[in-house]
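Working notes for the structure below.
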Amino acid sequence: MNMDIHQILKLLPHRYPILLVDRVLSLEKGKSIRALKNVTINEPFFNGHFPHRPVMPGVLMLEALAQAAALLAFDTLNVVPDDNTVYYFAGIDKARFKRPVEPGDTLTLCVELDRMRAGIFKFKAEAFVGDELAVEAELMCTMRTIQ
């Protein structure tokens, strides 16, 4: 299954400047997702990180992976989140940054569902620029209903 930005906007509550998934290339229910984040010089964080050598902050690379993971989780559960549903980070383990991500790069987000128990999802996540690994981590996320 592919998803364009219009379909992504219907599922993720994030909006500019924090929406970090531009397109879903493939999604296998309950298993994996491959998505893209196009990194441009117009990103607001590049003004301060760093003016002399713009680099995408590592925490935003992890956030992009988590957003892709959310799309996989929603599809796995056949859930369309509403205004009372929030998808949170529950933990990040083994995060390693292997390569800087710069303006003009396309970050390919690859996330696999490792397990799902008691409302906690655990994912193995990697992001690549071309064939080069940029970041890898184990992500734990959960959905909560708020009032």
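The numbers here are math on the coordinates, done by the rules we state, and not lab data. Because the structure is a prediction, the values reported are computed rather than measured. FYI the Cβ positions are ideal-geometry reconstructions off the backbone, even for glycines, and counts take in every protein chain you see.
Taking Cβ atoms as reference points and 14 Å as the exclusive limit, the residues near GLN67 contribute a net charge of +2, counting Lys and Arg as +1 and Asp and Glu as -1. Among residues other than THR76 with Cβ under 14 Å from its Cβ, the summed charge is +1 (Lys and Arg +1, Asp and Glu -1).
Once C-alpha pairs closer than 8 Å and six or more residues apart are averaged by separation and normalised to the residue number of the chain, the relative contact order reads 25 percent. If you run the Gaussian network model on the chain, springs between alpha carbon atoms under 10 Å, then out of ARG34, ARG23, ARG117 the most flexible one is ARG117. Listing GLU126, GLU138 from fewest to most neighbouring C-beta atoms within 10 Å gives GLU138, GLU126. The alpha carbons of the chain give a radius of gyration and a Dmax of 14.7, 46 Å, in that order. Largest mean-square fluctuation among PRO100, PRO57, PRO44, in a Gaussian network model of the chain whose springs join Cα atoms under 10 Å apart, belongs to PRO44. Every helix of 4 or more DSSP H residues in the chain counts as -39500 (n - 2.57), and over all residues that averages to -6000 deg cm²/dmol at 222 nm.
Each part reduced to its alpha carbon centroid, the stretch 19-55 and the stretch 94-147 end up 11 Å apart. Tell me which aspartates and glutamates have Cα within less than 13 Å of LYS94's Cα, excluding those fewer than 8 residues away on the same chain? Result set, ordered by chain and number: GLU126, GLU136, GLU138.
For the pair SER32 and TYR88, label points projected 7 Å from Cα toward Cβ lie 3.1 nm apart. A Gaussian network model of the chain, with springs between Cα atoms under 10 Å, assigns the largest mean-square fluctuation among LYS29, LYS94, LYS122 to LYS94.
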